[in-house]
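Q: Dropping a structure here in structure tokens format, bear with me for questions.
The values are calculated or read from the model by the stated rules, or taken from the named source; none is laboratory data. It should be emphasised that the depicted structure is a prediction, and the values quoted were computed from it without experimental measurement. Here Cβ is always computed from backbone atoms with ideal geometry, including for glycine, and neighbour counts include all displayed protein chains. Only protein heavy atoms, including side chains, enter the accessible area calculation; ligands, DNA and RNA are left aside. Shrake-Rupley method; radii C 1.70, N 1.55, O 1.52, S 1.80 Å.
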Amino acid sequence: MSLAWYRFRGTFRRRWTAYLAVVLLVGLVGGVAMAAIAGARRTQSAFPAYLAATNASELTMQASSNASQFTPKQIETLGQHLAHLPRVTRLAVAPNLFVVPLGPNGRPSPSAADDDDVTAIGSEDGEYFSQDRLTVVNGRMADPTSPSEMVATAEAAKLGGWHVGETVSFGGYTVQQADSPEFNLATEPPSLRFSAKLVGLVVFPSQVVNDDVDRYPTFVLLSPALTARLRATEVYPSFGLRLAHGSADVPVVEKEIIGLLPRGTTYTFHVTSVAEGEVERSSKPEAIALGVFGSIAGLAALLIAGLAIGRGISGQEEELDALRALGADPLTITWDVMFGVLGAVVLGALVAVGVAIVLSPLAPIGPARQIDPNPGFAADWTVLATGLAVMIVGLGLLTAVLAYRAAAWRHVGQRPEHGSRVVNAAARTGLPPSAVAGLRFALEPGRGRTSVPVRSALVGAVLAVVVVVTTLTFASGLNSLDSHPALYGWNWNYAINPAGGDGDVPPAAAQLLSRDPAVAAWTGYTFAGVQIDGQTVPVLLAQTNAELNPPILSGHALEANNQIVLGAATLAALHKKVGDTVTVSYGSPSDAPVYVAPTPLRVVGTATLPAIGTSGALHPSMGTGAMISDGIGSPAFKKAIKQSDPNLNGHDVEVVRFRRGVTTAAGLASLHKIVIAANKVMAADPLGQGDTYEVLGVQRPAEIVNYQATGATPDILAIGLAVGAVVALGLTLATSVRRRRREFALLKTLGFTQYQLAVTVAWQASVAALVGIVLGVPLGIALGRWLWDLFARGIYAVPRASVPIVEVVLVALAALVLANLVAAIPGVMAARTRTALALRAE
């Protein structure tokens, strides 16, 4: 040890650059790797942390009455009953207010009159202020005690044309007005008018990620003080419930709520854990991209640092031979080799920890970033401690092994060198001398002080190609998912449904669909929320053996009334498997005939369910939800759960698939004719209240909506690592030329021209690129397909992978071109090698 310390001090000036290289390699690349992995974990955990920080309700229940709107007194009474449930620890109320923004003419603005695109909600008992607290993204939160302040979502402000600081005029309508058969929002004057100042733009917990179903309505939140003045406009209450044992109490509390609801009340539940799962699945592309990038960067840090350590140790062979000649034993030589390198590894690992912390404010990425409760610097000590241990222990053991091997070599003098078999074979085939020399420089590292990090260059080239091809393969899967709606549940072309989402599609529309020559098949679905083994699950009621079904992942579609098909996430949440039995129910016996008694159903399959349903209500999406036969309930049940017109017996939505060869334009023209016919039916129905129908295009789940922001993330990360590999290749080539000046000088003496020397360096770079292509392309395709399959199953999409053949070929060509471009400057350096100076010691 004393000799090692003495030698370290004596040789530090000469070796400090090698130590610094190890510190920088381990510190920078390792730090980026740890930052990426920590960022992936932070991205996935941001929304649960946000829920904890905002005092989120585990369960939200919205109630409505079939007979009329709720009165303020009924809302108050229902709230008291809910607050006294044994497992409810805190209850807050957010009543929907029949309040609309007014235009300059004093009439409701188009955003209010058009399908309630902007909805006003109030706050009582601290809802959205102390419970389910909103995140302010611009401005500030409204003062709860101020009767003239409000906040709004960014989309609501955009629809209304408002800016923070603007005072907006509103009109309110009473329950009596809304219940009047003659009520028409476009012509009815509001019973009260008021103004409120927009003081901030906010994000609601339920809108961190939105699918196309929940894109509208957007929201305006009025202060509690203002809500108290607008009690006469309260229509539908929404109750936020904090539960004693968190989400574990949800099934029991739902059952208790159903039992105490007044007769004629329909309800929808919003379970926070379901929204949490949706956000986490939406964040998976970013998290996977970061995690894979970090893993590859970490592997690259270990490999490249290990090669650098090995190269540094091999460069000390002459000195080690001298130490052996002076009588140094193997242990002394081992410590001499290890002392400085171990210090550099430990220092580099500590630098990596610092780099990871410095980069931590870049996470989380994706939709959770806007609501991150702890933005700024963060230290994920699980990742940092693990990364620190892996780098110190892994590289330390490698250093010890290499040092031991170096110490065990006792022969003084030159070790025999064996040329590369590939180089020898190339020489025998008659390749030009410049090509043979380039092959040798690319594959043979040399020894001693003139050794060159060829392995680092080859590993870097392989890693660069692997990362880019993996990214392209994964991105190809994402693009296929985005461009093929059937892969995320939309297994048809279009749908016909009521504008605004409420009501039935009349039977006349179904008759026209059956006769339409452009339509190959159609199926009607009804939306509902039922209890399955005590958990509220959104379901699609459908006929057995329906013509159109969402894509089945396992098992088969509905073939009998006693069967059920579940989303994979719901199946997992129920702790069931295909073939098991679940119990389905709706309501309580006092609600008969709007009641489904506990009914056993057999799970016959899993499906990727479409994002379809009523905005603001629990609805199916990808892995969440179920399909059951519409024969499970009475006609009264099917009508009540939709609050539909009792004179109709249609479905909530009719999904349609066109015949082969029918163009989109022709198919849409036929569907629009059917919509016009449905609108005429409703216009003649006194209970239709002016309802209209629309042709509904593809409805994307939240995971696909978020892809628009996600798509570039893997590409940026891959490009960053690939650029790093290209730079590393250029530095390696420059180092090779500098260290092999003697060999280049010998080549010039033997008659090589400047052009041949430049070609030699180009061959060296091309060989590195070819090795990267040959090994990296198949590895990248395999890794990309595996990651895509893992990702698709994680979000419950149909796992269909694709390989971008054209892009992969272009990557291979680009790798060769870039390698030769990078070789240009080192080639000029080689061509300008001064023979006399390089050979002056000969």
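Q: Go through (1) part of a loop (DSSP other than H, G, I, E, B); (2) under 25 Å from Phe129 (Cβ atoms); (3) in contact with a Lys or Arg (Cβ under 7 Å, 6 or more places away or on another chain) and name the single condition Val199 misses.
A: (1)
Q: Let me ask another. Only one of these is within 30 Å of Gly171 (Cα to Cα), under 33 Å from the mean Cα position of the chain (by Cα), modelled with pLDDT of 70 or more and not charged (D, E, K, R): Thr272, Thr268. Name it.
A: Matching residue, one of Thr272, Thr268: Thr268.
Q: Return the residue satisfying two criteria in turn: it lies in the range 60-91 and is of a type in the set (A, V, I, L, M) and within 27 Å of Tyr173 (Cβ to Cβ), and of such residues it is modelled with the lowest pLDDT.
A: Filtering first and then ranking leaves Ala67.
Q: Take the residues in the range 354-371 that are over 14 Å from the mean Cα position of the chain (by Cα) and surrounded by 22 or more Cβ atoms within 10 Å (Cβ to Cβ); name whichever of them is farthest from Val136 (Cα to Cα).
A: Ranking the candidates gives Ala356 first.
Q: Being in a loop (DSSP other than H, G, I, E, B) and either of a type in the set (Gly, Ala, Ser) or more than 30 Å from Ile258 (Cβ to Cβ) (or both) is the filter here; which residues of the range 530-555 pass it?
A: Within the range 530-555, Gly534, Asn545, Ala546, Glu547, Leu548, Pro551 qualify.
Q: Of the residues in the range 92-112, how many are at pLDDT below 85 and under 21 Å from Leu134 (Cα atoms)?
A: Residues meeting the conditions: 0.
Every residue, every condition in (1) crowded, with 23+ Cβ neighbours inside 10 Å; (2) outside any loop (DSSP other than H, G, I, E, B); (3) hydroxyl-bearing (Ser, Thr, Tyr), yes or no:
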position	(1), (2), (3)
Arg41	no, yes, no
Ser45	no, yes, yes
Thr60	yes, yes, yes
Glu76	no, yes, no
Gly106	no, no, no
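Q: Does Asn184 qualify as being part of a loop (DSSP other than H, G, I, E, B), under 24 Å from Ile371 (Cα atoms) and polar (S, T, N, Q)?
A: Spelling it out, it is not the case that Asn184 is part of a loop (DSSP other than H, G, I, E, B), under 24 Å from Ile371 (Cα atoms) and polar (S, T, N, Q).
Q: Taking the range 556-602, which residues are without any contact (Cβ under 8 Å) to a residue 60 or more places away in the chain, in a strand (DSSP E or B) and of a type in the set (Gly, Ala, Ser)?
A: Across the range 556-602, the qualifying residues are Ser585, Ala597.
Q: Criterion first (farther than 28 Å from Asp214 by Cβ, out of contact with any Leu (no Cβ under 8 Å at 6 or more places or on another chain) and surrounded by fewer than 19 Cβ atoms within 10 Å (Cβ to Cβ)) does Asp482 satisfy it?
A: No: the conditions fail for Asp482.
Q: Could you check, for the range 50-58, whether at least one of its residues is within 27 Å of Ala368 (Cβ to Cβ), modelled with pLDDT of 90 or more, open to solvent by 20 Å² or more (accessible area, probe 1.4 Å) and not aromatic (Phe, Trp, Tyr)?
A: yes
Q: Do we have Leu746 as open to solvent by 70 Å² or more (accessible area, probe 1.4 Å) and either under 18 Å from Arg440 (Cβ atoms) or charged (D, E, K, R) (or both) here?
A: Answer is no for this residue.
Q: Suppose we keep only residues that are in contact with a Phe, Trp or Tyr (Cβ under 8 Å, 6 or more places away or on another chain) and assigned to a loop (DSSP other than H, G, I, E, B) within the range 164-181. Which one would you say is farthest from Lys73 (Cα to Cα)?
A: Restricting to residues being in contact with a Phe, Trp or Tyr (Cβ under 8 Å, 6 or more places away or on another chain) and assigned to a loop (DSSP other than H, G, I, E, B), the top hit is Tyr173.
Q: Now for a separate question. Anything in the range 163-190 that is within 28 Å of Phe129 (Cα to Cα), open to solvent by 30 Å² or more (accessible area, probe 1.4 Å) and more than 41 Å from the chain's Cα centre (by Cα)? List them, or say none.
A: none
Q: Inside the range 785-820, can you point out the residues that are open to solvent by less than 80 Å² (accessible area, probe 1.4 Å) and within 17 Å of the chain's Cα centre (by Cα)?
A: Selection gives Leu787, Trp788, Asp789, Phe791, Ala792, Gly794, Ile795, Tyr796, Ala797, Val798, Pro799.
Q: Further question on the same structure: Can you name the condition, by its number, that Leu540 falls short on among (1) out of contact with any Phe, Trp or Tyr (no Cβ under 6 Å at 6 or more places or on another chain); (2) surrounded by 22 or more Cβ atoms within 10 Å (Cβ to Cβ)?
A: Among (1) out of contact with any Phe, Trp or Tyr (no Cβ under 6 Å at 6 or more places or on another chain); (2) surrounded by 22 or more Cβ atoms within 10 Å (Cβ to Cβ), Leu540 violates only (1).
Q: Report whether or not Ser295 is open to solvent by 10 Å² or more (accessible area, probe 1.4 Å) and over 22 Å from Glu703 (Cα atoms).
A: yes
Q: Report the residue count in the range 272-286 for those that are open to solvent by 10 Å² or more (accessible area, probe 1.4 Å) and either free of Cβ contacts under 8 Å to residues at least 40 places away in the same chain or of a type in the set (A, V, I, L, M) (or both).
A: 2
Q: If you don't mind, another one. Name the pairs whose Cβ atoms lie under 8 Å apart, with the first residue in the range 248-270 and at positive phi and free of Cβ contacts under 8 Å to residues at least 60 places away in the same chain, the second among the aromatic types (Phe, Trp, Tyr) and surrounded by fewer than 20 Cβ atoms within 10 Å (Cβ to Cβ), and 6 or more positions between them or separate chains?
A: none
Q: While we're looking at this one, here's another question. Within the range 488-529, how many residues turn out to be surrounded by 20 or more Cβ atoms within 10 Å (Cβ to Cβ), at pLDDT 85 or above, part of a strand (DSSP E or B) and of a type in the set (A, V, I, L, M, F, W, C)?
A: Of the residues in that region, 5 qualify.
Table: residues versus (1) at pLDDT below 85; (2) more than 30 Å from Ala824 (Cα to Cα); (3) in a helix (DSSP H, G or I).
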site: Ala356; (1), (2), (3): no, yes, yes
site: Leu359; (1), (2), (3): no, yes, yes
site: Pro364; (1), (2), (3): no, yes, no
site: Pro373; (1), (2), (3): yes, yes, no
site: Gly394; (1), (2), (3): no, yes, yes
site: Leu402; (1), (2), (3): yes, yes, yes
site: His418; (1), (2), (3): yes, no, no
site: Val436; (1), (2), (3): yes, no, yes
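Q: Okay, next question. Mind checking which residues of the range 232-256 are surrounded by 18 or more Cβ atoms within 10 Å (Cβ to Cβ) and touching a helix residue (DSSP H, G or I) at 6+ places or on another chain (Cβ under 7 Å)?
A: Answer for the range 232-256, where residues must be surrounded by 18 or more Cβ atoms within 10 Å (Cβ to Cβ) and touching a helix residue (DSSP H, G or I) at 6+ places or on another chain (Cβ under 7 Å): Glu234, Val235, Pro237, Phe239, Leu241, Leu243.
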